[in-house]
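The values are calculated or read from the model by the stated rules, or taken from the named source; none is laboratory data. What you see is a predicted model; the values in this text were computed from it and never measured. No Cβ is skipped: glycine too gets one built from the backbone with ideal geometry, and neighbour counts run over all protein chains shown. These area figures cover heavy atoms from the full protein model, side chains too; ligands, DNA and RNA do not enter into them. Shrake-Rupley method; radii C 1.70, N 1.55, O 1.52, S 1.80 Å.
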2 protein chains.
Amino acid sequence: MVVEIDLSDAEVDRIFRALADATRRDIVERVLTGEQSVSALADRYDMSFAAVQKHVAVLERAGLVTKHHRGRERLVRGNPDTIRRVQHLLDRYERLWRARIDALDALLAAPPSTPPATTPVPEQE
Amino acid sequence: MVVEIDLSDAEVDRIFRALADATRRDIVERVLTGEQSVSALADRYDMSFAAVQKHVAVLERAGLVTKHHRGRERLVRGNPDTIRRVQHLLDRYERLWRARIDALDALLAAPPSTPPATTPVPEQE
DNA sequence: AATTTCTACAACCATTTGGTTGTACGTTAA
DNA sequence: TTAACGTACAACCAAATGGTTGTAGAAATT
């Protein structure tokens, strides 16, 4: 199964914003280990049912969870694909950082008689 | 060098919120590959200097960048430690997911003569 | 000394966010 | 059939966000 590789800026915005709230992160954790109804989730938090409903909606719009019908309930389930995509994003940041560190190391390792100013970095992207 | 392992909810809030903006993510990428002054950054974006200054402040409060003095300039530099901590957070999410999948797999692998209705999931919490 | 550059910060504004309560509707249970 | 449960959604509100302009100070340039 091929998953989408690239995410638009707006999608990434929604994902990070969705994760920028402790209640929503907690919901994600819960539904990753097992789907739960909205009201079952709402029982866990000290806020109204409608507030939890809104949090779930934010997570759903970000693609972090999905909802399914079962009778009168709506079961919320975590979507690990989106989690994985965020990890790839952060991996990219780390690669950028490492490339820079490697370049600085190369500079320091090079003898001062041969300044490597022409090719400081393997020039990716 | 030992880095902090745990982050408070408020810290994680700030980090994810800081990353929930395309301009700020772009700034992070730029300063991970090499430090830049605030005005050099501001030249890159179609908004006022003050707006970019605010974005940098948000990133700084989240611990994603640091600022250093050089004459009248303030050099902005990426902080990979924080990036790494976010990765660890997401790793945790993935482990939770995998644990659940493994449990379901174990259920499916069990012979039908032993109905697993009593323990559908390893009952966490 | 005067001017320009880089930064800091306050004040303001429109929009979004995160919460509330209230109403309505489909589904299950008595 | 009636009542209770689970959900959806609108309306409202306070606070935060993301932008602006304007003022001021420190450092560099002329």
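Whole-percent P(r), region A:1-80, all Cα pairs, 5 Å bins from 0: 3, 16, 27, 25, 16, 8, 4, 1. Can you grab the distance from the C-alpha centre of region B:1-54 to the C-alpha centre of region A:1-65, Å, no decimals? Taking the Cα centre of region A:1-65 as reference, the centre of region B:1-54 is 24 Å away. Relative contact order of region A:24-77, taken over Cα pairs closer than 8 Å and 6 or more residues apart, is 41 percent. Ranked from shortest, the separations from the 7 Å Cα-to-Cβ label point of A:A40 to its equivalents in the other copies are 5.4 nm.
Ranked by solvent-accessible area (1.4 Å probe, protein heavy atoms only, all chains present), the residues A:R24, A:R70 order from largest to smallest as A:R70, A:R24. Take A:R98, move 7 Å from Cα toward the beta carbon, and the resulting point lies 1.8 nm from the same point in each other copy, nearest first. The apolar share of the surface of region B:9-79, taken as the fraction of accessible area on carbon and sulfur atoms (1.4 Å probe, ligands and nucleic acids excluded), comes to 43 percent.
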